[in-house]
1. Six or more apart or on different chains, Cβ under 7 Å: which pairs go from a residue in region 1-27 that's among the β-branched types (Val, Ile, Thr) and at pLDDT below 95 to one that's in a helix (DSSP H, G or I) and open to solvent by 20 Å² or more (accessible area, probe 1.4 Å)? Could you list them?
2. Tell me, which residue of region 140-169 that is assigned to a loop (DSSP other than H, G, I, E, B) and open to solvent by less than 50 Å² (accessible area, probe 1.4 Å) is farthest from THR105 (Cα to Cα)?
3. Any idea how many residues of region 35-55 are within 19 Å of PHE222 (Cβ to Cβ) and open to solvent by 50 Å² or more (accessible area, probe 1.4 Å)?
4. Restricting attention to region 244-258, which residues are open to solvent by 10 Å² or more (accessible area, probe 1.4 Å) and in contact (Cβ under 8 Å) with a residue 24 or more places away in the chain?
5. Of the conditions (1) touching a Lys or Arg at 6+ places or on another chain (Cβ under 8 Å); (2) open to solvent by 60 Å² or more (accessible area, probe 1.4 Å), GLU227 clears all except one; give me its number.
6. For a quick check of your reading of the model, give me the residue pairs whose first member lies in region 215-235 and is among the polar types (S, T, N, Q), whose second is assigned to a helix (DSSP H, G or I) and surrounded by fewer than 18 Cβ atoms within 10 Å (Cβ to Cβ), with beta-carbon atoms closer than 8 Å and at least 6 apart or on different chains.
7. Condition check: at positive phi, open to solvent by 20 Å² or more (accessible area, probe 1.4 Å) and in contact (Cβ under 8 Å) with a residue 40 or more places away in the chain. Does GLY68 satisfy that?
8. Looking at region 177-198, is at least one residue over 22 Å from the mean Cα position of the chain (by Cα), acidic (Asp, Glu) and not in a loop (DSSP other than H, G, I, E, B)?
Amino acid sequence: MRAIEIIGTGSCVPHHTITNDELAQSIDTSDAWIYPRTGIHAREFCTARQSTVTMAVEAARKAVDDAGIPVTGIRAVLAATMSPDFSTPSTACFVSEALKLREDTAALDLNAACSGFIYALETARGILSGIQEMEQEDAPLYALVIGAEQLSRLLKLEDRTTSVLFGDGAGAVIVKLTEAGRSDYAVTLGSRGSRDILAPGLYTGAIDKSVDHMVMNGKAVFVFAVEIIPRLIERVLRLSGSDLAQIDYVLCHQANARIIRHVVRKLQVPEAKFPMNMERLGNTSAASIPILLDEMHGNGTLRGGEKLLLAGFGGGLTFGGMQLRFRPEDRT
C-alpha cells in the first residue's frame, strides 16, 4: 500500500505572548476562570511583521532543513489554513516562491479548519501516488505539508467565548511516499455539517452578514469533540489492525485540555500517551498538531520509528484520524 511517513518537522511560533491576566485587563475574565475550563494560560499573537505566510515560510524552511533533503525532491506543497493572507495566491504558492521549489510542484491551500492538517496529509499522499503512477518515478517523492494560522485577526477580544482560546502559529512536516503494510498507515476523514463555529472570510456573504469575528457554540463543540475523538481513534485502529497499546503517542488537535482528558478517561490509557501544549499556545487550529510534532521531535521525545495516531476535529464540523510512522532519514 502506498503510504506516507514523516521525515522532518519545523515550526514557527510568534513571541507576542498574551496571558490570561492580560486579557482580564480588557474583558470580564481571569486566569482562575480560563485555565480550569481550557488548560490554557497564554497564547502567542503575531506581531505587525508576521502573518500566516511569514510563519508558514519559516516553518517550511525548518522542516526542509530538518529532513535534510534537497528542495528539488519536493513535488507538492499543501498549506492547511482557515486564515490565509489572501484568497489568491495561496499560502502554498507563497511558500513555493520563497523556497524556490521546482515548477512542476503542486501547490494549494486546504481549509478543513482544525482538522485541516490531517486532510492535507492525505491529499499529499494522493498527489504523490499519482505522480509515481503517471511518471513511473523511481526517485524518492516528498511533499511539504503545513498548518498555519493567524487567528488573532479573526477574533474580537471582547468576546470571551473565543478570544481566550485561540492563538497564532505554524507547523510543517516533510513526508515521504513509501510502501507500507496495513499496520503502518490508516486514515479516516469526515464532516457532520454544522455552523457551530463561524469565522469571517475576506468578505461578508449572504448567509450571515452579522459574522464579523469568529463565533462558536462552545458547549456543542465540546460535546461533539468528546464523542468523535474516541470514535476516530477506534476506527483508525480497526482499519490498521492495531490496538492502542501499539501506538506510541496520540496527537490530538490542541483545542482544550478538558476534551483530551475526557478522552483519556474514556479510553483508560495513561495521559502521557496524549501529549499537550495548549497551556502555552492556546488553540492554533490547523497548526496545532504539526507544532506539537516539532516540539516533540525537538525535545527528543520522538527519535524515529514511532507509530503515531493523529486526531483532528474542528469547524464544519470536520474530523480526521490518521496512523503513520515518524521515520527521519538516516544521514549516517
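The values are calculated or read from the model by the stated rules, or taken from the named source; none is laboratory data. Bear in mind that the values here come from a model prediction, so they are computed numbers and not experimental data. Using ideal geometry, Cβ is built from the backbone for each residue, glycine included, and neighbour counts are taken over all protein chains shown. Heads up: the accessible areas ignore ligands, DNA and RNA and are worked out on the full protein's heavy atoms, side chains in. Shrake-Rupley method; radii C 1.70, N 1.55, O 1.52, S 1.80 Å.
1. Short answer, once both residue conditions are applied: ILE27/ARG160.
2. Of all residues in region 140-169, those assigned to a loop (DSSP other than H, G, I, E, B) come to 140-141, 155-159, 164-165, 167.
Filter once more, so that each one left must be open to solvent by less than 50 Å² (accessible area, probe 1.4 Å): 141, 155, 159, 164-165, 167.
Working: LEU141: 11, LEU155: 34, ASP159: 41, VAL164: 38, LEU165: 35, GLY167: 30 Å.
Only one residue fits best here, namely ASP159.
3. Matching residues across region 35-55 total 3.
4. The initial filter retains those residues of region 244-258 that are open to solvent by 10 Å² or more (accessible area, probe 1.4 Å), namely 244-246, 248-249, 255-256, 258.
Once the filter is applied, which keeps residues that are open to solvent by 10 Å² or more (accessible area, probe 1.4 Å) and in contact (Cβ under 8 Å) with a residue 24 or more places away in the chain, region 244-258 yields LEU244, GLN246, ASP248, TYR249, ALA255, ASN256, ARG258.
5. (1)
6. That search, which allows pairs on different chains as well, returns nothing.
7. So GLY68 passes the test.
8. Scanning region 177-198, I find at least one residue that is over 22 Å from the mean Cα position of the chain (by Cα), acidic (Asp, Glu) and not in a loop (DSSP other than H, G, I, E, B), so the answer is yes.
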